[in-house]
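The values are calculated or read from the model by the stated rules, or taken from the named source; none is laboratory data. This structure is a prediction, so every number in the text was calculated from the model and none was measured. Because the Cβ atoms are built from the backbone with ideal geometry, glycine has one as well, and the counts that use them run over all protein chains shown.
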Amino acid sequence: MPSMAMGDIAFLLLIFIVLLARARDESHLVWQPATGTELVKPANRNASVVIDKQNVTYLNGRPVQVENLAAELEALLGDLPAGGRTVLFKVHKDVIAEFFEPAIEAVSEAGGELHHVLEPAPNPSAVP
Amino acid sequence: MKLRRPKYLVETPTSAMNDIAFILIVFFLVCASVEPEDGRSQVIPRSEKNEDRQTSQSTEVGLTPATVTIDGTPYRLNEFQSRIRQILAQKKTEAERVVVLKSQADVPYEHWIAMTGIIERAGGIVTLLLEEEQTVNLN
């Protein structure tokens, strides 16, 4: 079996996967998750909303005005069925309600299913 | 006298390059894909507007950065958990278990997420009460 080209094929496939992954890259955003208990993995991930340390809102890594968030999410989620409209919600732990509540409202208005991304509490009994 | 020319290696061995590249890319992929996604799902019905508030029979929780109130009565954080459980245990229907959450603008997310977690674990359905912005022209 000719296996000489197998390495090249794998290499090209991996580059393809890397490029796809970079399209939703949020590694440049600075945010620290709040803590929580009984955390679960999201069923799926259709969109991601980040509010960073500077109170700036991003949709899939791109800055967005909160006033336009509902419309943009609606366009993104389209006619996806219930249970498949998960919106990952990543908010820096010190961001105040003035900034994150309108974003929650926008997700709800667009019919998105909110999934707060949190980190496990180091001492779960300390979390009320 | 004839000098013997030394044999130099003119080509670097490239047969292992593919394997090295493959392993390097797998390494970078693994490093890049460690993004946190664990968390808590939350169903938030559309927020209530101020004018609808009088008609609803739901419990109202008020949040400030340091305090928490239930229908206007302030509670310590450790008391809040047991009190909201007591209140919601008496509610029979889903509509009755709706908890209207009114947060002050300066409530940090960490505090908000902890309090909504308590309400949801007690069986409540959190809905937000947002202040409507109104523009008043003064002539």
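Quick one: count up the residues across the stretch A:108-121 that are touching a strand residue (DSSP E or B) at 6+ places or on another chain (Cβ under 7 Å), in a loop (DSSP other than H, G, I, E, B) and surrounded by fewer than 20 Cβ atoms within 10 Å (Cβ to Cβ).
Result for the stretch A:108-121: 1.
Take the stretch A:47-72 and flag every residue that is among the charged types (D, E, K, R) and assigned to a helix (DSSP H, G or I).
Let us first name the residues in the stretch A:47-72 that are among the charged types (D, E, K, R), namely A:52-53, A:62, A:67, A:72.
Matches in the stretch A:47-72: A:Glu67, A:Glu72.
Name the single residue, out of those in the stretch B:81-106 being of a type in the set (Gly, Ala, Ser) and over 20 Å from the mean Cα position of the chain (by Cα), that is nearest to A:Ala103 (Cα to Cα). Talk me through it step by step, then tell me what you get.
Applying the first criterion (of a type in the set (Gly, Ala, Ser)) to the stretch B:81-106 yields B:82, B:89, B:95, B:103, B:105.
This time we only want the ones that are over 20 Å from the mean Cα position of the chain (by Cα), so: B:82, B:89, B:95.
Numbers: B:Ser82: 30, B:Ala89: 31, B:Ala95: 24 Å.
Per the stated criteria, the residue is B:Ala95.
List every residue pair whose Cβ atoms lie under 9 Å apart, where the two residues are 6 or more positions apart in sequence or sit on different chains, the first residue falls within the stretch B:91-113 and is in contact (Cβ under 8 Å) with a residue 60 or more places away in the chain, and the second residue, located anywhere, is outside any loop (DSSP other than H, G, I, E, B) and of a type in the set (A, V, I, L, M, F, W, C).
What qualifies is B:Ile113/A:Val91.
So, B:Glu132, is that one at pLDDT below 90, assigned to a loop (DSSP other than H, G, I, E, B), closer than 19 Å to A:Ala97 by Cα and not hydrophobic (A, V, I, L, M, F, W, C) or not?
Here the answer is yes, as B:Glu132 does meet what is asked.
For every residue, the table says whether it meets (1) within 11 Å of another protein chain (Cβ to nearest Cβ); (2) in a loop (DSSP other than H, G, I, E, B); (3) of a type outside the set (Lys, Arg); (4) surrounded by 19 or more Cβ atoms within 10 Å (Cβ to Cβ).
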residue: A:Glu74; (1), (2), (3), (4): no, no, yes, no
residue: A:Asp94; (1), (2), (3), (4): yes, yes, yes, no
residue: A:Phe100; (1), (2), (3), (4): yes, no, yes, yes
residue: A:Ala106; (1), (2), (3), (4): yes, no, yes, yes
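Which residue is surrounded by the most Cβ atoms within 10 Å (Cβ to Cβ), if the candidates are limited to the stretch A:35-55 and must be in contact with a helix residue (DSSP H, G or I) (Cβ under 9 Å, 6 or more places away or on another chain) and away from chain B (no Cβ under 11 Å)? Write out each step before concluding.
First pass over the stretch A:35-55, keeping only residues in contact with a helix residue (DSSP H, G or I) (Cβ under 9 Å, 6 or more places away or on another chain): A:35-38, A:46-47, A:49, A:51, A:55.
Still in the list and also away from chain B (no Cβ under 11 Å): A:46-47, A:49.
On the way: A:Asn46: 18, A:Ala47: 19, A:Val49: 26.
Filtering the stretch A:35-55 for residues that are in contact with a helix residue (DSSP H, G or I) (Cβ under 9 Å, 6 or more places away or on another chain) and away from chain B (no Cβ under 11 Å), the one surrounded by the most Cβ atoms within 10 Å (Cβ to Cβ) comes out as A:Val49.
Determine which member of the set B:Glu60, B:Glu96 is more than 14 Å from every other protein chain (Cβ to nearest Cβ), surrounded by fewer than 18 Cβ atoms within 10 Å (Cβ to Cβ) and part of a strand (DSSP E or B). Give the steps one after another, and end with the answer.
Working: B:Glu96 fails: part of a strand (DSSP E or B).
That would be B:Glu60, the only listed residue that is more than 14 Å from every other protein chain (Cβ to nearest Cβ), surrounded by fewer than 18 Cβ atoms within 10 Å (Cβ to Cβ) and part of a strand (DSSP E or B).
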